[in-house]
Amino acid sequence: MRTKHVVVLPYDKKWKQDFIDIKNEIQQALEGLAISIEHVGSTSVEGLAAKPIIDIDVVVKKEKINDVVLALNSIGYIHEGNLGIPGREAFTYEGKAHLQQHHLYVCPEDSLELKRHLAFRDYLRMHPEVVNEYGKVKTEAAKLYPEDIDKYIEYKTPLIEKIYSVIVFRTEGNYICEHKHS
């Protein structure tokens with residue numbers, strides 16, 4: 001579901017419930033196949049301005065991905081492959097007008113992309129001053145490029161890279177979100 005018109009809104013507490021509603025529907029269909037269902041992306045960070053689209057990572061054992069694809073397909077999700085990003089499988093959907101617009105990804109538990117999503121989210125949750133800065137950049141980018149998602153992304157990329165530069169990842173086991181010491 002490619003964004004055509006870029007809109008960034010102030011944080012909305014409703015996004016938490018929107019995630020729960022989507023999660024409950026997915027969880028029911030997966031019947032224990034998921035290790036966890038994670039709310040990631042800007043809507044998962046309290047106080048952060050965001051596009052009103054819920055980003056979700058379904059964490060699974062690698063050998064269960066095909067079962068998960070079939071289960072999600074049975075409730076209207078359409079597998080799109082990794083869309084050029086290894087470590088995650090993307091889905092679009094039909095028949096979900098009752099749910100907030102969302103992006104759904106399935107990630108094996110050892111996925112670097114999953115670790116990046118979780119570390120970025122957790123870092124922002126622990127650094128409100130960065131949340132304010134990032135929110136301003138996102139809002140400005142949306143005003144400058146309301147019809148160009150690629151330019152919007154390009155505009156905020158330097159700050160995203162700066163944030164990632166202070167996050168320490170560990171490739172074995174779980175990620176650890178830490179501040180690099182300078």
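The table below lists the values:
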item: Check: the chain dipole with +1 on Lys, Arg Cβ and -1 on Asp, Glu Cβ, in debye; result: 380
item: Where GluC sites (Glu not before Pro) in DSSP loops with at most 10 other Cβ within 10 Å are excluded, longest remaining stretch of the chain; result: 32-93
item: Contact order normalised by residue count of region 14-164, Cα under 8 Å, 6+ apart, percent; result: 21
item: Whole-angstrom gap from region 54-108 to region 7-36, using each part's C-alpha centre; result: 12
item: Longest DSSP-loop-exposure-free segment, trypsin sites (Lys or Arg not before Pro), the chain, at most 16 other Cβ within 10 Å; result: 97-169
item: Helix runs (DSSP H) in the chain reaching 15 Å along axis by Cα, Kyte-Doolittle at least -1.0; result: 14-30, 112-126, 128-144, 149-164
item: Of LYS115/LYS151; LYS13/LYS138; LYS136/LYS162; LYS96/LYS138; LYS14/LYS61; LYS23/LYS51, pairs whose Cα-Cα distance is over 23 Å; result: LYS115/LYS151; LYS96/LYS138; LYS14/LYS61
item: Cα centre as origin, Lys/Arg/Asp/Glu Cβ charges: region 1-99 dipole, Debye; result: 240
item: Listed candidates (1) 20.7, 81; (2) 16.3, 50; (3) 27.2, 86 - label of the one calculated as Rg and Dmax of the Cα atoms in Å; result: (2)
item: Ellipticity estimate at 222 nm from DSSP helix runs (n ≥ 4, -39,500 (n - 2.57)) divided over the chain, nearest 500; result: -13500 deg cm²/dmol
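Values in this text are rule-based calculations from the coordinates and carry no lab data. As the structure is a computational prediction, the values presented were derived from the model and not from experiment. Virtual Cβ from ideal backbone geometry, glycine too; neighbours counted across all protein chains shown.
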